[in-house]
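The values are calculated or read from the model by the stated rules, or taken from the named source; none is laboratory data. None of the values given here were measured: they were computed from a predicted structure. No Cβ is skipped: glycine too gets one built from the backbone with ideal geometry, and neighbour counts run over all protein chains shown. We work out accessible area using only protein heavy atoms, side chains counted, and drop any ligands, DNA or RNA first. Shrake-Rupley method; radii C 1.70, N 1.55, O 1.52, S 1.80 Å.
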Amino acid sequence: MSLLVVGLSHRSAPVSVLERAALAPEARGKLLQDVVSAEPASEAAVLSTCNRIELYADVDKFHAGVADLSTLLARHSGAGLEELTPYLYVHYEDRAVHHLFSVACGLDSMVVGEGQILGQIKDALAVAQEQHTAGRLLNDLFQQALRVGKRAHSETGIDKAGQSLVTFGLEQLAGGPDVGSWARGKRALVIGAGSMSSLAATTLVRAGIGDLAVANRTVERAERLTQILTEPGGPGAANGLTARAVPMTAVEDELARADVVVSCTGATGLVLAGLVVAAALAEREAPLALLDLAMPRDIDAAIHRIEGAHLVDIESLADASADAPMAADVDKVRGIVSEEVAAFGAAQRAAHITPTVVALRTMAADVVAGEIARLDGRLPDLDDKQRAEITQAVRRVVDKLLHAPTVRVKQLASEPGGAGYADALRELFDLDPQTVAAVSRADIRGDRHDAARERA
């Protein structure tokens with residue numbers, strides 16, 4: 001296994017660097033194509049969230065891979081390589097697997113145990129599959145990461161160790177876990193209609209806000225969100241929620257009426273400037289609570305200094321979550337991760353020898369076929385029943401001779417340091433390396449076909 005991860009996150013870099021390094025959605029596909037076009041990499045996937053950017057690749061050279069991935073990440077993110085380098089981390093082979101599995105379980109999240117990362121990992125795999133940059137290794141890795149994350153949430157209380165980023169942010173605004181009492185009857189403005197903004201709107205509605213405005217550049221998306229929230233059976237139907245969609249040009253007017261503002265857009269610049277918020281506060285007596293979940297930030301950090309405004313952003317969430325109590329279940333999740341990393345490594349090492357075993361059995365079948373053909377020439381008077389019995393007997397002898405060695409070599413290959421058994425098998429039986437490579441290529445083509453069929 002030659003898995004390499006190069007990335008940066010809220011644990012390694014300040015928010016200001018993460019903001020500049022943020023990848024636009026349209027840049028991810030081009031980045032993946034450039035990675036697999038580089039010599040050291042044959043597969044690639046990118047995990048890009050509000051507080052992490054990580055590039056995963058299957059490489060054949062470690063140092064060249066680190067250099068190329070770092071350079072391409074800087075080129076496509078818009079931040080210079082010299083700026084990013086001090087904050088980049090690198091994981092290789094089993095450590096890279098351990099890192100992704102930990103991320104999937106929420107152990108590496110800003111708020112420990114949050115479950116939104118699973119959806120982001122699923123999206124990262126989908127993009128890599130769409131770009132045809134995910135082969136056997138990354139398909140196996142990301143699908144296993146999703147299973148590990150789900151297992152951690154189902155078998156432990158990791159969810160109790162920390163809330164989702166939205167809930168945690170609202171708790172910071174409310175000054176405690178009782179968000180319902182704080183939010184009940186308030187008027188809210190949600191800026192953006194993507195997945196995070198939709199989650200924020202839904203959370204606020206369930207907490208009991210009475211009035212909601214959703215602002216988005218595409219008003220139709222905002223209208224769909226408000227319709228879902230207020231339709232019969234929706235989260236706002238029971239409490240008589242008033243919800244409306246507004247264009248982005250109406251944000252300043254809505255600020256004068258709102259008690260709570262949540263913003264999470266994909267904008268590259270500020271959505272709410274300090275002067276705009278200051279002007280809105282000048283027209284009202286009530287304070288204004290603001291939650292910025294975007295990266296790069298949507299709301300001007302200068303608002304921290306404006307009287308009457310309470311701003312919680314990604315940076316302040318990181319500071320607050322650093323002191324959050326860790327549940328005992330975190331240790332259980334760490335145990336699950338270690339167990340799953342060992343199992344994944346064993347499966348990958350076992351899979352590495354499979355083409356060699358297949359090539360050996362193919363060679364044995366060819367030898368049997370050749371000997372039966374030679375027998376037909378020497379004993380032409382054999383009837384069909386006799387010929388079938390002899391053929392079956394020879395095949396059984398060969399199968400029995402090969403069974404124990406091939407089973408044992410798979411077991412040995414799955415253990416740490418077992419990569420050399422495939423080479424030994426090829427050497428002992430004088431197997432043609434081209435034949436083994438042909439089996440591997442056929443397996444990869446089959447995997448890609450299966451992945452394409454699943455996407456369809």
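Observations on the structure shown:
- Some residue of region 89-100 being basic (Lys, Arg) and closer than 20 Å to residue 336 by Cα: yes
- Lone qualifier among 395, 441, 448, 426 - being assigned to a helix (DSSP H, G or I), open to solvent by 40 Å² or more (accessible area, probe 1.4 Å) and either at pLDDT 80 or above or aliphatic (A, V, I, L, M) (or both): 395
- Helices (runs of 4 or more DSSP H) (entirely within region 106-164) containing at least 2 residues that are closer than 29 Å to residue 177 by Cβ and over 15 Å from the mean Cα position of the chain (by Cα): 136-155, 158-161
- Residues of region 180-192 classified as surrounded by fewer than 22 Cβ atoms within 10 Å (Cβ to Cβ) and either within 27 Å of residue 223 (Cα to Cα) or in contact with a His (Cβ under 6 Å, 6 or more places away or on another chain) (or both), total: 6
- Residue 326 meets all of the listed conditions (1) under 45 Å from the mean Cα position of the chain (by Cα); (2) more than 27 Å from residue 422 (Cα to Cα); (3) at pLDDT 90 or above; (4) open to solvent by 40 Å² or more (accessible area, probe 1.4 Å) but one, namely (3).
- Restricted to helices (runs of 4 or more DSSP H) entirely inside region 1-86, those with at least 1 residues that are over 19 Å from the mean Cα position of the chain (by Cα) and more than 27 Å from residue 114 (Cβ to Cβ) are 25-37, 62-77, 81-84.
- Test: residue in region 112-122 that is open to solvent by less than 30 Å² (accessible area, probe 1.4 Å) and acidic (Asp, Glu): yes
- Unique residue being at pLDDT below 95 and in contact with a Gly (Cβ under 6 Å, 6 or more places away or on another chain) when the list is 277, 312: 312
- Scanning region 270-297 for residues that are among the basic types (Lys, Arg) and surrounded by 19 or more Cβ atoms within 10 Å (Cβ to Cβ) gives a single hit, 297.
- Selection within region 206-246 - in contact with a Lys or Arg (Cβ under 8 Å, 6 or more places away or on another chain) and either part of a loop (DSSP other than H, G, I, E, B) or of a type outside the set (S, T, N, Q) (or both): 207, 208, 209, 210, 211, 212, 213, 214, 235
- Residue list for region 51-82, filter: of a type in the set (A, V, I, L, M), more than 17 Å from residue 141 (Cβ to Cβ) and open to solvent by less than 20 Å² (accessible area, probe 1.4 Å): 53, 72, 73, 74, 79
- Qualifying positions in region 246-269 - open to solvent by 80 Å² or more (accessible area, probe 1.4 Å) and either in contact with a strand residue (DSSP E or B) (Cβ under 7 Å, 6 or more places away or on another chain) or closer than 14 Å to residue 187 by Cα (or both): 253, 257
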